[in-house]
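Asks: Could you have a look at this structure, given as structure tokens, before my questions?
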Amino acid sequence: MRPFLFLVAVAYFVAMDTAPAATRTWDGGDGGDGGDGGDGVNTNWNAATNWNPNTAPNAGDTLVFPAGVAAADQATNNNFAANTVFAGLVFQTGGYSVAGNAFDLSTTGIALTSEESGTTIITPTIRLTNHGVTLDSGPKGTLRTGAVNLNGNRLMLDGSGLVAITGHIFNASGTPQSDVSGILYGAKGSASLKEGDWDPIPDTGRPPEKRFFLPDGPERTQFMRLTVTEL
């Protein structure tokens, strides 16, 4: 079983955009020029010329940020309306950053897929619209996010690198969660979720940041549990 961490809250349902979902690949204007490609377009997500082919994403799409894009074009800005929903974000190399408006994740979540180390920074608040959305650091990456709105859903963490949630974790009401504890993992073959059968994973972050290094190894099947206490 792949390692996972989950948060449980109340059920929540949301109407999804019925347009067919697509995958859109970022190229930042394909000019190495800070995202304008010589045409005056900046690093905004809704600028068609920042994507290959030249088509801006729609709500529900998966956004891919590949290797080979100039460093100046890896600083991106989500200027879609706040809480526009995307299926997921895939970063194929470290060094990207996302600023701008809050956005929703509905399906896969955020994944770092590079075999190399590198940091990806997501500043806007992320809101979940479905159970099982995953923040995946990949084998060696660092995924740093801001606040996460569970919105009544379950969040999973994956990867052998580092996932750092640097903002509040909160539910749809907006009440911030102040204490994250009870991160646990079990030995291979363990089917028990009893606390005595698990070894704790310490929080190594400085408040309000929470940092958990997920242990890895072929001899363990890892089960993660997270308890959240409100202010």
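Asks: What is the extension gain from residue 131 to residue 58, computed as 0.36 nm multiplied by their sequence separation minus the C-alpha to C-alpha distance, in nm to one decimal?
Replies: Stretched out fully, the residue 131 to residue 58 stretch lengthens by 24.1 nm.
Asks: Moving on to the next point. What do the square roots of 5 times the Cα gyration tensor eigenvalues come to for segment 107-160, in whole Å, largest first, as semi-axes of the equivalent ellipsoid?
Replies: Gyration-tensor ellipsoid for segment 107-160: 20, 12, 7 Å.
Asks: Now for a different question. Can you compute the modelled spin-label distance between residue 70 and residue 140, with each label point 7 Å from Cα toward Cβ, in nm?
Replies: 2.7
Read-outs: derived from the displayed coordinates by stated rules, not from any lab. Only a predicted model underlies this, so the values are computations on that prediction, with no experimental measurement involved. Ideal geometry is used to build each Cβ from the backbone, glycine not excepted, and the neighbour counts take in all protein chains shown.
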